[in-house]
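Note sheet for the following structure.
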Amino acid sequence: MTWLFIIIIGVLLVVGCWAFVRHQRSLKLRAHLMQEAIRNHDFTFRLPTDGLLPGERAMQQTMNQLGETIRRQMNQNEVESWERLTRVLTHEIMNATAPIASISQSMLARNDVRGTPLEEGIQAICDTSRFLNEFVANYRKMSELERPVLANVALRPLLDDICRTYPGLDWEVDVPHDITIRADAGMLRQVLMNIVKNALEAGARKIVVEKVDDAPGGSSHDGQLTLYIGNDGHPIPAANRPSLFVPFFTTKRGGSGIGLSLSRRMMVQQGGMLELAEAQCHGCHAAFLLTLPSVHD
């Protein structure tokens, strides 16, 4: 019996040591994955908490939430940086184009210019400077947004209203009717309209809108709600994805490059975010994630 007891104790010690070493390797792997994610500026990591001790589980949950907080702050800082840069650029562009337009108009009024080969060239200069000046002025008006007026908004009726605005599209809306969000209804409607407009310009015929619970920042535990808004239009080229929210960036002829950057700014002002979805589903070729503060009863 003594030998049997010793053998059992030995087996338990070996199994315990093996489990301890395996557990430590698992923790080391988690630390490595988070380190690599931070090194690559990817703060969307959400490592599972299964199989952890209570203290370790709490630490992992905190790290997951910290990564999401850093991601949101980086996105907000990016929007604010583009705002400051755009404000300076629009000011300088208007200062440069205003005298060009004025001088060219004066030149066109001169008798020694009318009917000469110079008239066509000066007219082109005048038209181009005027167009650029109007473009910058319009962008300045659009970018100088008023502060949002936040209120409790029933989400589903707002989405249904957007659906009725575009009856030619095939809509698939999977959002419960009892969801209430904290937002500026007018701003949110404008953001949704911009997303749908971009989808139509990409040849979309179907729009999918659904509530996502497992996206970064999409779980309800942190007071945020995430919507997946996808379409079956032309996919966004990989080379264009990093610049999609950069002001003035556009691949469309005649496009201004304002819509998505302005939409993201409106979402940030409301405490939310607009970003591209990495994974596609439901036959969609392009999709966005729209994050909003939710209201709990």
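Projecting label points 7 angstrom from Cα along Cα→Cβ for Asn152 and Leu132 puts them 5.2 nm apart. With a 1.4 Å probe rolled over the protein heavy atoms of all chains, the accessible area of Lys197, Lys211 falls in the order Lys197, Lys211, largest first.
With the charge dipole of the chain set up from +1 on Lys and Arg Cβ and -1 on Asp and Glu Cβ about the Cα centre, the Cα lying farthest toward the positive end among the listed residues Pro117, Gly203, His282 is that of Pro117. Among the protein heavy atoms, those of His285 account for about 90 Å² of accessible surface (1.4 Å probe, every chain in place).
For Val175, Val268, Val21, write out the residues from largest to smallest accessible area, computed with a 1.4 angstrom probe and no ligands counted.
Numbers: Val175 5, Val268 25, Val21 70 Å².
From most accessible down to least: Val21, Val268, Val175.
Computing percent of Cα pairs over 25 Å apart directly from the structure and comparing it against [x] 62; [y] 49; [z] 54 singles out [x].
Rounded to the nearest 10 square angstrom, Cys17 shows an accessible area of 80 square angstrom against a 1.4 Å probe.
Where the only charges are on Cβ atoms (+1 Lys, Arg; -1 Asp, Glu), what is the dipole of the chain about its Cα centre, to the nearest 20 debye? Could you put the intermediate results ahead of the total?
On the way: 30 positive and 32 negative charges, 104 e Å.
The dipole of the chain has a size of about 500 debye.
On a 1.4 Å probe surface of the protein chains, which of Arg87, Arg30, Arg241 comes out largest in accessible area, and what is the full order?
Working: Arg87 135, Arg30 30, Arg241 65 Å².
Result, largest first: Arg87, Arg241, Arg30.
With contacts taken as Cα pairs under 8 Å at a separation of at least 6 residues, the chain carries a relative contact order of 14 percent.
Ligands, DNA and RNA excluded, the heavy atoms of Trp18 present near 150 Å² of accessible surface to a 1.4 Å solvent probe.
Stretched out straight at 0.36 nm per residue, the stretch from Met94 to Thr180 would grow longer than its current Cα-Cα span by 26.7 nm. Over the chain, accessible surface divided per residue gives 60 Å², non-protein components excluded, 1.4 Å probe.
The values are calculated or read from the model by the stated rules, or taken from the named source; none is laboratory data. Just so you know, these numbers come straight off a predicted model, no measurement behind them. Backbone-built Cβ (ideal geometry, glycine too); neighbour counts: all protein chains shown. Quick note on the areas: whole protein, heavy atoms, side chains included, nothing else; ligands and nucleic acids left out. Shrake-Rupley method; radii C 1.70, N 1.55, O 1.52, S 1.80 Å.
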